[in-house]
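Written below as structure tokens is the structure these notes are about.
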Amino acid sequence: MKWEQIERDWKAYKPQMVKQWTKLTDEHLNAMGGKRDKLATRIQEVYAVSKEEAEKQIKAFEEHAKQPQAASVAAD
């Protein structure tokens with residue numbers, strides 16, 4: 001999955017992110033607005049990990065995230 005899709009459907013992916021990073025709040029995620037660099041920075045701060053580790057976690061999320069049902073429904 002491409003990050004652009006996650007960024008575009010940010011609100012729909014938030015439940016999966018909260019499940020992945022349980023220390024991140026809705027407030028944290030709302031403030032990021034889909035920006036990957038902001039997510040990486042917050043993961044570094046909250047989990048006390050390196051930038052490389054944060055990026056590794058985001059990449060794994062990106063590869064395993066499931067497209068939310070609402071995002072997969074095409075408009076007629």
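So, in nm, how far is label LYS2 from label GLU63 when the simple model puts each one 7 Å beyond its Cα toward the Cβ?
About 2.0 nm, to one decimal.
Give me the accessible area per residue for the chain, probe 1.4 Å, as a whole number in Å².
Accessible area per residue: 68 Å².
Give the angle, between 0 and 90 degrees and rounded to the nearest 10, that separates the Cα long axis of helix 51-64 from the longest principal axis of the Cα atoms of the chain.
Orientation of helix 51-64: about 20 degrees from the principal axis.
What part of the accessible area of the chain, given as a whole %, is carbon or sulfur when the probe is 1.4 angstrom?
With neighbouring chains kept in place, the figure for the chain is 49 percent.
The values are calculated or read from the model by the stated rules, or taken from the named source; none is laboratory data. This is a predicted model, so every value here is computed, not measured. So basically every Cβ, Gly included, is an ideal-geometry build from the backbone, and we count neighbours across all protein chains shown. Ligands, DNA and RNA are excluded from the accessible area calculation, which covers all protein heavy atoms including side chains. Shrake-Rupley method; radii C 1.70, N 1.55, O 1.52, S 1.80 Å.
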